[in-house]
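Novice: I have a structure here, written as structure tokens, and I will follow up with some questions on it.
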Amino acid sequence: MKVFVVYSSPAGSTARIARRIADFFRKGGTEEFSVSLYDLGALKFYNEGNKISPLLKEIDAAGENGLLFLGSPVYVGHAVPPVNNFIDLLPSDTGTVFVPFVTWGGVSSGVALQEMAEGALSHGVRVGGGISMVAPHSHMWRDDNPLGKARPNKNDMEMLDRWLFDFVHRLATSALSPESSIEALIHPDPAVRDSFSRVDLASAAGEMPDRTVRTEGENACTHCRSCYAVCPTSAIQFAPHPVFTDRCIYCFNCVKLCPNGSIVADLVSKERFLHKTSLLRNEPASPRLVLLS
């Protein structure tokens with residue numbers, strides 16, 4: 001079986017889960033699984049000459065012998081645009097087995113798993129389960145006590161390994177239908193489902209902290225383009241300083257990773273809001289690992 005582990009991971013948390021999944025299959029000690037790991041950010045999804053088309057052709061060619069794990073961080077209750085756009089491009093009626101996995105920053109896992117599964121089902125794939133794990137909130141790298149601190153921990157990862165073992169056993173012993181119910185992937189709280197049916201990343205853009213590019217002084221922008229290199233959606237243009245386009249997903253990698261501290265944003269009020277919202281939602285932080293039949 002050909003295993004594809006594809007993910008978007010601006011802050012690195014989803015990449016940790018992706019590598020764990022890939023390592024599980026690689027360490028099986030047999031030739032039963034051939035494993036490929038793909039970072040949508042590294043593939044430069046939105047750039048001309050990207051490597052998405054060859055990957056999609058590989059998935060199509062694998063057909064019923066394909067197993068696709070697709071991972072995303074949860075931003076404002078949903079999967080990030082590169083992941084949703086990738087689902088839109090999936091080849092149809094291949095019989096591939098699809099497993100969405102998400103990481104969320106301690107506020108809410110939202111409706112990402114459900115929406116990813118629904119999107120894949122529309123292409124005629126077979127949904128085999130879903131994985132949701134808490135991780136440090138990507139906007140709180142300056143906070144001494146960020147939501148999701150030290151997660152996923154050793155116990156979380158061991159739970160994931162056990163789930164993967166059970167999943168492989170299920171694949172070997174039972175058939176998955178394209179009509180398999182994904183009800184178990186739906187968020188159990190109707191208030192959460194209702195909330196995120198009315199808000200998404202685009203509608204929340206106006207509430208995100210503003211970014212300022214310093215153009216004078218010792219922290220002035222040097223046009224090194226490091227911000228562009230770490231932008232997962234290629235949402236930065238230069239005129240001559242960085243300008244943020246509407247493809248921005250507000251991961252704030254440009255702020256976090258600018259080597260000269262030239263791009264700044266006030267995230268303190270955002271951190272306070274996230275802590276408060278987390279207490280109100282009070283969603284359990286234990287891994288949510290779902291097997292479908």
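Novice: Would you say PRO146 is assigned to a loop (DSSP other than H, G, I, E, B) and surrounded by fewer than 14 Cβ atoms within 10 Å (Cβ to Cβ)?
Specialist: Answer is no for this residue.
Novice: Taking ASP93, is it surrounded by fewer than 24 Cβ atoms within 10 Å (Cβ to Cβ) and more than 18 Å from the chain's Cα centre (by Cα)? Before you say what the answer is, go through the steps one by one.
Specialist: Working: surrounded by fewer than 24 Cβ atoms within 10 Å (Cβ to Cβ): yes; more than 18 Å from the chain's Cα centre (by Cα): yes.
Judged against the criteria, ASP93 is a match.
Novice: Do we have THR222 as over 23 Å from the mean Cα position of the chain (by Cα) and not in a loop (DSSP other than H, G, I, E, B) here?
Specialist: Against the criterion (over 23 Å from the mean Cα position of the chain (by Cα) and not in a loop (DSSP other than H, G, I, E, B)), THR222 does not qualify.
Novice: What are the pairs, 6+ residues apart or on separate chains, where a residue within the range 115-126 that is in contact (Cβ under 8 Å) with a residue 12 or more places away in the chain and in a helix (DSSP H, G or I) has its Cβ under 9 Å from a residue that is among the hydroxyl-bearing types (Ser, Thr, Tyr) and surrounded by fewer than 22 Cβ atoms within 10 Å (Cβ to Cβ)?
Specialist: LEU121/SER180
Novice: Does THR222 satisfy the criteria of being outside the structural domain of TYR75 (by TED's automatic domain parsing), more than 23 Å from ALA42 (Cβ to Cβ) and in contact with a His (Cβ under 9 Å, 6 or more places away or on another chain)?
Specialist: The answer is no for THR222.
Novice: On to the next question. Evaluate the following for SER286: is it of a type in the set (Ser, Thr, Tyr), under 16 Å from TYR46 (Cβ atoms) and part of a loop (DSSP other than H, G, I, E, B)?
Specialist: Numbers: of a type in the set (Ser, Thr, Tyr): yes; under 16 Å from TYR46 (Cβ atoms): no; part of a loop (DSSP other than H, G, I, E, B): yes.
No; evaluated as a whole, the condition is false for this residue.
Novice: Just the residues that are in contact with a helix residue (DSSP H, G or I) (Cβ under 7 Å, 6 or more places away or on another chain) and within 22 Å of GLU216 (Cβ to Cβ), please, taken from the range 249-264.
Specialist: Answer for the range 249-264, where residues must be in contact with a helix residue (DSSP H, G or I) (Cβ under 7 Å, 6 or more places away or on another chain) and within 22 Å of GLU216 (Cβ to Cβ): CYS254, LEU257, CYS258, PRO259, ILE263, VAL264.
Novice: Is it the case that PRO136 is under 21 Å from ALA15 (Cβ atoms) and buried (at least 22 other Cβ atoms within 10 Å of the Cβ)?
Specialist: It is false that PRO136 is under 21 Å from ALA15 (Cβ atoms) and buried (at least 22 other Cβ atoms within 10 Å of the Cβ).
Novice: Condition test on VAL264, is it touching a Lys or Arg at 6+ places or on another chain (Cβ under 9 Å), of a type in the set (A, V, I, L, M), at negative phi and modelled with pLDDT under 95?
Specialist: Spelling it out, it is not the case that VAL264 is touching a Lys or Arg at 6+ places or on another chain (Cβ under 9 Å), of a type in the set (A, V, I, L, M), at negative phi and modelled with pLDDT under 95.
The values are calculated or read from the model by the stated rules, or taken from the named source; none is laboratory data. Everything quoted here is computed from the prediction, not taken from an experiment. Because the Cβ atoms are built from the backbone with ideal geometry, glycine has one as well, and the counts that use them run over all protein chains shown.
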